[in-house]
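K.L.:
Let me begin by handing over the structure; questions about it come next.
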Amino acid sequence: MKADFGTRAGLSSIVAWSPNPKNPPYFADFPYKDGKVDQLVIAKWAANSPYAMVASHVPALRSFRAIGSDAGDKDGLLHDDTMIHEELDRFGIVNQWAVYDGDHVNRIGQRFDEVVLPFMAKHLDRK
């Protein structure tokens, strides 16, 4: 499929959050039907959002050795990612959170070198 990043990311979310094996070609339900909002699909999306999942996965999240996330201060997902961090904090789930100077993609290489790989090296088993 040839499409820009936003279109591919949106389609990926639709397929992940409202799959329907009987609805080709994308095998997913879209949030509208016959020009109207499909409230059932919207409810599925809300239930599958990472923010909503925190409350229903507290024991599993607490079992993780480490949780880390970050977002750029110009990232369109900054508000949502901040809410997830705050929800983790509200449930007493230890997590590292950082906001850096950047957008969604412009610091990926740098963040992997300076943050992600050292974080993983520190927290992954070395058995």
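K.L.:
Select from segment 105-125 the residues that are hydrophobic (A, V, I, L, M, F, W, C) and within 19 Å of F5 (Cβ to Cβ) and write down the one among them that is surrounded by the fewest Cβ atoms within 10 Å (Cβ to Cβ).
P.N.:
V105
K.L.:
Let me ask something else. Report yes if some residue within segment 40-53 is among the hydrophobic types (A, V, I, L, M, F, W, C), on the phi < 0 side of the Ramachandran plot, in a loop (DSSP other than H, G, I, E, B) and modelled with pLDDT of 95 or more; otherwise report no.
P.N.:
Within segment 40-53, none of the residues are among the hydrophobic types (A, V, I, L, M, F, W, C), on the phi < 0 side of the Ramachandran plot, in a loop (DSSP other than H, G, I, E, B) and modelled with pLDDT of 95 or more.
K.L.:
Among the residues of segment 13-26, count how many are over 19 Å from the mean Cα position of the chain (by Cα) and either among the charged types (D, E, K, R) or surrounded by 12 or more Cβ atoms within 10 Å (Cβ to Cβ) (or both). Break it down into steps so the answer makes sense when it comes.
P.N.:
Step one: list which residues in segment 13-26 are over 19 Å from the mean Cα position of the chain (by Cα), which gives 20-26.
Pick out the ones that are also either among the charged types (D, E, K, R) or surrounded by 12 or more Cβ atoms within 10 Å (Cβ to Cβ) (or both) and you get 20, 22-23, 26.
Residues flagged as over 19 Å from the mean Cα position of the chain (by Cα) and either among the charged types (D, E, K, R) or surrounded by 12 or more Cβ atoms within 10 Å (Cβ to Cβ) (or both) within segment 13-26 amount to 4.
K.L.:
Go through G102, G10, G92, G76 for me and flag whichever is exposed (fewer than 14 other Cβ atoms within 10 Å of the Cβ) and at positive phi.
P.N.:
Just one listed residue meets the conditions, G92.
K.L.:
List every residue pair whose Cβ atoms lie under 8 Å apart, where the two residues are 6 or more positions apart in sequence or sit on different chains, the first residue falls within segment 72-91 and is in the same structural domain as S56 (by TED's automatic domain parsing), and the second residue, located anywhere, is of a type in the set (S, T, Y) and in a helix (DSSP H, G or I).
P.N.:
These pairs meet every condition: D80/Y51; M83/Y51; I84/Y51; E87/Y51.
The values are calculated or read from the model by the stated rules, or taken from the named source; none is laboratory data. Everything numeric here is computed off the predicted structure, so don't read it as measured data. No Cβ is skipped: glycine too gets one built from the backbone with ideal geometry, and neighbour counts run over all protein chains shown.
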